[in-house]
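Taking it in order: structure first as structure tokens, then the write-up.
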Amino acid sequence: MTDPNYPQQWPEANPPPSQGWPQQGSYPGPPAQYGYGAPPMYGGYPRAQQGNGLAVAGMVCGIVGLVLFWVPILGWILAILGIVFGGVGIARANAGAANKGMAITGVVLGIVSIALYLLVIAVIYNSLT
């Protein structure tokens, strides 16, 4: 049952060859280009930044050395390690590594820890004499 008012074939589906359409049974032309084309290629993933574990170690030793400055040998050892690791961490950070602030913190806290220890020793020595 087909409707006699409904056309069996749309006229736009097979226009005459005079309008520039391909002949029936021929291959279609290349697809139309829309948009801006392919996205530009980038260099891949960014290079991972070099770690600076000695800066972190210097900061941790500086913090623990400051907290434990009153312990005679442990406070000195941690303060000196904080200064040494912090100094090496600063040198690595100047060469391109990260965490320069942590390295500076380790050096400063190590120096403060030694200064506080020397201050406590001076106060104790003066109180005994």
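The values are calculated or read from the model by the stated rules, or taken from the named source; none is laboratory data. No experiment lies behind these values; they were computed from the predicted model shown. When we count neighbours, we look across all protein chains shown, and the Cβ atoms used for this are built from the backbone with ideal geometry, even at glycine.
Taking residue 127, is it polar (S, T, N, Q), on the phi < 0 side of the Ramachandran plot, more than 27 Å from the chain's Cα centre (by Cα) and surrounded by 11 or more Cβ atoms within 10 Å (Cβ to Cβ)? No; evaluated as a whole, the condition is false for this residue.
The number of residues in segment 38-93 being assigned to a helix (DSSP H, G or I) and at pLDDT below 85 comes to 1. What do you reckon, is residue 121 crowded, with 19+ Cβ neighbours inside 10 Å and more than 29 Å from residue 47 (Cβ to Cβ)? Taking the combined requirement at face value, the residue does not satisfy it.
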